[in-house]
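See structure below.
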Amino acid sequence: MASFTTHLSENQISWIKQQPMYFVATAPLQADGHINLSPKGLDSFRVLDEKTVAYLDITGSGNETSAHICENGRVTFMWCSFTKKPKIFRIYGKGEVVLPDTERWQQLIPHFDKLPGARQIIVNHIAKTQTSCGFGVPVMEFKYNRDTLTDWASTKGEDGIQEYQQKKNSRSIDGLPTPLSL
């Protein structure tokens, strides 16, 4: 049976911090638009307070989350326990995209470790949380984080990352603009 709250408890915060992986889901308003669901890791997630969470978003092959949040604000984060004790936890809320060279970035970036290729911070202003059973989630063992994305970003350098972002991250696959295109 699912249970809902409007903020994070200390137990939920503690459990989230133990999870090596989470997912971010967004969708455009258009009925035939593509729903986006992205796995995340690399120690990029932070709890800012009981009503606000965020992650440091690293440059990748697309920028759907940013485009969808700018269009309609909807965002969901989800964690699954892959240990013996099953659990699924979701945070539903209103998203905020924070770009470098802004005052808001300067307020938030001290919460995160420096990761090569950082392009934005995605904030979730919590409307509702949901805990559910997770009985169908397999038990798996975490080995280690991959270095592939951060190594790629380091090799590209800042100028190369900015060029890549303008070319590959300024519009969603449905053609929606991201803040990088503005």
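Couple of notes before you dig in:
- Test: residue in segment 122-144 that is modelled with pLDDT under 95, of a type outside the set (Val, Ile, Thr) and in contact with an Asp or Glu (Cβ under 9 Å, 6 or more places away or on another chain): no
- Look at (1) under 24 Å from Ser154 (Cβ atoms); (2) without any contact (Cβ under 8 Å) to a residue 12 or more places away in the chain; (3) of a type outside the set (Ser, Thr, Tyr) and you find that Ile35 fails only one, number (1).
- In segment 110-126, the qualifying residues are those that are touching a Leu at 6+ places or on another chain (Cβ under 8 Å) and not in a loop (DSSP other than H, G, I, E, B), and the one that is nearest to Leu42 (Cα to Cα) is Ala118.
- Scope segment 20-35; condition touching a strand residue (DSSP E or B) at 6+ places or on another chain (Cβ under 7 Å) and under 23 Å from Pro116 (Cβ atoms); matching residues: Met21, Tyr22, Phe23, Val24
- Scanning segment 11-42 for residues that are within 24 Å of Val137 (Cα to Cα) and loosely packed, with under 13 Cβ neighbours inside 10 Å turns up Asn11, Ser14, Lys17, Gln18, Ile35, Pro39.
- Qualifying residue in segment 50-63 (condition: more than 11 Å from the chain's Cα centre (by Cα), aromatic (Phe, Trp, Tyr) and at pLDDT 95 or above): no
- Close pairs from segment 128-156: first under 18 Å from Met78 (Cα atoms) and without any contact (Cβ under 8 Å) to a residue 60 or more places away in the chain, partner among the aromatic types (Phe, Trp, Tyr) and not in a helix (DSSP H, G or I), Cβ under 9 Å, at least 6 apart: Gly134/Phe89; Val137/Phe82; Pro138/Phe82; Val139/Phe82; Met140/Phe82
- Pairs are defined by a Cβ separation below 9 Å, a sequence spacing of at least 6 or placement on different chains, a first member in segment 68-80 that is closer than 19 Å to Val137 by Cα and in contact (Cβ under 8 Å) with a residue 24 or more places away in the chain, and a second member that is surrounded by 19 or more Cβ atoms within 10 Å (Cβ to Cβ) and small (Gly, Ala, Ser); the pairs so defined are Thr76/Gly93; Phe77/Gly93.
- For Arg146: the one exception among (1) in a loop (DSSP other than H, G, I, E, B); (2) under 18 Å from the mean Cα position of the chain (by Cα); (3) under 30 Å from Glu50 (Cβ atoms): (3)
- Taken over segment 43-68, the residue count meeting the criterion of being under 23 Å from Thr5 (Cα atoms) and buried (at least 19 other Cβ atoms within 10 Å of the Cβ) is 4.
- In this structure, Leu108 does not qualify as over 29 Å from Thr6 (Cα atoms) and aliphatic (A, V, I, L, M).
The values are calculated or read from the model by the stated rules, or taken from the named source; none is laboratory data. None of these values were measured; they are calculated from a predicted model. Neighbour counts run over all protein chains shown; Cβ positions are idealised from the backbone, glycine included.
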